[in-house]
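A short worksheet on the structure shown next.
Bear in mind these aren't lab numbers, they're just calculated from the coordinates by the rules spelled out. Since this is a predicted model, take the numbers as computed values, not measurements. Cβ sites come from the backbone with ideal geometry, for glycine too, and all protein chains shown count toward neighbours.
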2 protein chains.
Amino acid sequence: MRADAERNRGRILDAAEEVFAQRGAAASTEEVARLAGVAIGTVFRHFPTKEDLLAAILKRLLARLAEDAAGLGGADGLHTFFTRLVQQAAARRMVVDLVGVSVPAAVGRLGDAVGELLRQAQEAGTVRGDVGRPEVMALLVSVCQGALQGGWDEGLQARTLAVVFAGLAAR
Amino acid sequence: MRADAERNRGRILDAAEEVFAQRGAAASTEEVARLAGVAIGTVFRHFPTKEDLLAAILKRLLARLAEDAAGLGGADGLHTFFTRLVQQAAARRMVVDLVGVSVPAAVGRLGDAVGELLRQAQEAGTVRGDVGRPEVMALLVSVCQGALQGGWDEGLQARTLAVVFAGLAAR
DNA sequence: AACCATAATGAGTCTCGACTCATATTTCTA
DNA sequence: TAGAAATATGAGTCGAGACTCATTATGGTT
């Protein structure tokens, strides 16, 4: 791959992440091109379809989250990851709109990472033994979506998470 | 208002509810007109803007929910309402997309109804006294959104709600 | 029944955004 | 450094969907 092609590909991905995070997936490809400093044709050369572009940034995002999760663990790892993710979601409109774009492998890897955090938390006795990975993922998605919508302030977010954690807690 | 006008207004609202519930808010006004059996110009005569149409059905929907909630009460009222709402949400794509359309008065009335259910549940000792209406509403919105996304099956939905209820439960 | 205000009709306008492609430019290789 | 081959450019095409409006139809009234 030519040097300029690789450089542009990176710029486009960065620009797309920025634009879609702020304006949602409905933002135009035109705008991504403008921010990246390339012509619109270049965007379509690298990503033949808008959906391809969305899938690419979603994959990157999920990989980053999985990596983040891998750096945590112990009794509070799940708690920390959960809170961090919800905070990020509130700042990024993206998640809502990425519904429909799927990157199975990347989602699977994130699921594995969360499963591991859950296992450790259960081993440490922080979390009930009778909840599974699917419920935890479902709650994670739900609360992120909720946070995106309501424009929760910090206090409400904390209190809402507290209820969820109480539900997950052992005893 | 002329008789045919009123009849058509009703048909349009019904058709819009059906179409947007199935296809999401991105469905075209054209399709609503077709299902209602009127010309597209008629839809725009009654609702000058697509957003007006969305707001109208959202208002009707929220009013119906508030009424539903008013018929419940006691120790399990909140539990029942919560479950029912999540089940409905799973069948309707609408909710996701209605983000952005706001009908403050109708939302307020639903909030009051939920607040009353919460009060009764707390009085009956079913729910912790230290959670407030905002958290409950936040959880309600979150879980509905989550259910819409993941294509939860019945079991996962039940287990996820169980965690939330455990978090809300007294003791 | 005749009248007209109100409403319905639907082809047409307009905007927007995804995607294309002929042309110009840049990188790399020999 | 000349010559491809790869890449970038951006005006243009295309389709979709929100919204308009001149015309036609209908309901209610005298």
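Worth a mention:
- A cut-off of 5 Å between modelled amide H atoms, ignoring neighbours fewer than 5 places along the same chain, links A:Val127 with A:Gln122, A:Ala170.
- Chain B: relative contact order as a whole-number percent, Cα under 8 Å and 6+ apart: 24 percent
- When the alpha carbon gyration tensor of chain B is reduced to an equivalent ellipsoid, its three semi-axes come out at 34, 17, 12 angstrom, largest first.
- Longest to shortest principal axis, alpha-carbon extents of segment B:23-65, angstrom: 30, 22, 17
- Plainly put, the tip 7 Å out from Cα toward Cβ on B:Ala63 is 5.2 nm from that tip on each other copy, the closest given first.
- Value of D in µm² per second that Stokes-Einstein yields for the protein assembly as shown, Kirkwood Rh from Cα pairs, at 37 °C (0.692 mPa s): 149 µm²/s
- With its label point defined 7 Å out from Cα along the Cα-to-Cβ axis, A:Glu123 lies at 4.9 nm from the matching points of the other copies, in increasing order.
- At 7 Å out from Cα toward Cβ: B:Phe44 inter-copy label distances (nm, ascending): 2.8
- Unit charges at the beta carbon, dipole of segment A:57-168: most positive-side option, A:Thr83, A:Cys144, A:Leu58: A:Leu58
- Helices meeting the span-like rule in chain A (full DSSP H runs, Cα extent of at least 20 Å along the helix axis, mean Kyte-Doolittle score of 0.5 or higher): A:133-150, A:154-168.
- Spatially proximal lysines relative to A:Lys59 (Cα-Cα < 30 Å; intrachain offsets below 8 disregarded): A:Lys50
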